[in-house]
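Right, one structure below, let's go through it.
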Amino acid sequence: MTSPVIPPSPTREEYAADYAAALAANGDDSIFERDEPTGLFVDWMADARRTEPSDANAMTLATVDADGLPDCRIVLLKDVDARGFTFYSNSESAKGEQLASCPAASLVFHWKSLRRQVRVRGTVERVGAAEADAYFASRARESRIGAWASDQSRPLDSREALEAAVARETARFADQDVPRPEHWTGWRLVPDTVEFWRDRPFRLNDRLRFQRKGQTWSRERLWP
C-alpha cells in the first residue's frame, strides 16, 4: 500500500500552534493603506530575499499557445519598477513564440517561508535593445555562451550534442567578448492587476487587489 500523495489537513490544535508565527509574519495591516502595488511588491521581495533559501525572484510565467492552451514555467524576475516586471529569454523558445502571438501573460510569486503569494496579470512588451544588451552583458560568460549554443525548446538528441554546441561556441568566442544574440531579449509585463495574498490562521487569509485605472490604481480587499 502506497503512502498518500496529499498529506492530511492539520488539526485545529496544529493550526492554533502556528497562530503566533502567522500573526508575527503577516499581521501588519499597514499593507491595506498602500496606494499602489509596486512599492509593496518591492518590500515583499526584500523580505523574501532574507528568508527564501534560493531564488526569491523565481516566478511562474503563464502564457497561451496558438490553440488557446495555457502554458506555465518558472523564470526569474530580473527587474521591477513602476513600468512593470522584466524577465529575459530566447525569443525563439516556446514562451517567446507564445508571447509574440499573444502579448499577454500572468505571473505568480510564492514565498513559502513567508506564507505569501503575489499574482500579476497584464500585457507584455519587449524591452529595448539597449536594455537587453546591458542585462546580457551582466551575465556570466558561460551563460552568454549558452544563449548562443542552445536551440531552446527544440528537440535535443543527447546531452553530448548540447555539450558539443557549447564547446563550439566557446571556441568561436575565444579571446573576445560574447555579444547578445539577436534572438535573445527581454520582456516587460505591464500589470493591469496585482493581487497580494498572505496566509492567516484557519485559512482566513488576507487578499489585497490593485487594479489599474488609467494612471492610478484602485484598491480593494477580497474575501479569502
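The values are calculated or read from the model by the stated rules, or taken from the named source; none is laboratory data. Note that the structure is predicted; figures quoted are calculated from it, not measured. Ideal geometry is used to build each Cβ from the backbone, glycine not excepted, and the neighbour counts take in all protein chains shown.
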Quiz item: Do you know which residues across region 186-222 are surrounded by 17 or more Cβ atoms within 10 Å (Cβ to Cβ), under 27 Å from TYR88 (Cα atoms) and among the basic types (Lys, Arg)?
Solution: ARG188, ARG209
Quiz item: Got a number for residues in region 60-86 being under 9 Å from the mean Cα position of the chain (by Cα) and either of a type in the set (A, V, I, L, M) or on the phi > 0 side of the Ramachandran plot (or both)?
Solution: 5
Exercise. Please list, ordered by first then second residue, the pairs with beta carbon atoms under 7 Å, 6 or more apart or interchain, first in region 164-180 and at pLDDT 95 or above, second exposed (fewer than 12 other Cβ atoms within 10 Å of the Cβ) and not in a loop (DSSP other than H, G, I, E, B).
Key: VAL178/ARG141
Practice problem: Out of the residues in region 102-122 that are basic (Lys, Arg) and surrounded by 16 or more Cβ atoms within 10 Å (Cβ to Cβ), state the one that is nearest to ILE31 (Cα to Cα). | Solution: ARG116
Self-check item: Filter result for the condition that a residue is over 30 Å from ALA174 (Cβ atoms), among the hydroxyl-bearing types (Ser, Thr, Tyr) and part of a strand (DSSP E or B), over SER113, SER89, SER106
Solution: SER106
Quiz item: When region 156-185 is examined, which residues are found to be farther than 29 Å from ALA104 by Cα, of a type in the set (A, V, I, L, M, F, W, C) and surrounded by fewer than 18 Cβ atoms within 10 Å (Cβ to Cβ)?
Solution: ALA161, LEU162, ALA164, ALA165, VAL166, ALA167, ALA171, PHE173, ALA174
Quiz item: What number of residues within region 119-152 are closer than 19 Å to ALA58 by Cα and touching a Pro at 6+ places or on another chain (Cβ under 9 Å)?
Solution: 5
Self-check item: Unmet criterion (only one of (1) surrounded by 17 or more Cβ atoms within 10 Å (Cβ to Cβ); (2) of a type in the set (S, T, N, Q); (3) over 21 Å from ARG209 (Cα atoms)) for THR86
Solution: (3)
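Here's the yes/no breakdown for (1) over 23 Å from THR123 (Cβ atoms); (2) under 20 Å from the mean Cα position of the chain (by Cα); (3) of a type outside the set (Ser, Thr, Tyr); (4) not in a helix (DSSP H, G or I):
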site	(1), (2), (3), (4)
ALA164	yes, no, yes, no
ALA167	yes, no, yes, no
ALA174	yes, no, yes, yes
ASP177	yes, no, yes, yes
THR193	no, yes, no, yes
Exercise. Would you be able to say whether some residue in region 143-151 is closer than 24 Å to PRO53 by Cα, more than 13 Å from the chain's Cα centre (by Cα), at pLDDT 95 or above and not hydroxyl-bearing (Ser, Thr, Tyr)?
Key: no
Self-check item: Selected residue [in contact (Cβ under 8 Å) with a residue 24 or more places away in the chain, in contact with a Phe, Trp or Tyr (Cβ under 9 Å, 6 or more places away or on another chain) and loosely packed, with under 13 Cβ neighbours inside 10 Å] from ASP81, ASP35
Solution: ASP35
Quiz item: Inside region 48-77, can you point out the residues that are crowded, with 16+ Cβ neighbours inside 10 Å and outside any strand (DSSP E or B)?
Solution: ALA48, GLU52, ALA56, ASN57, LEU77
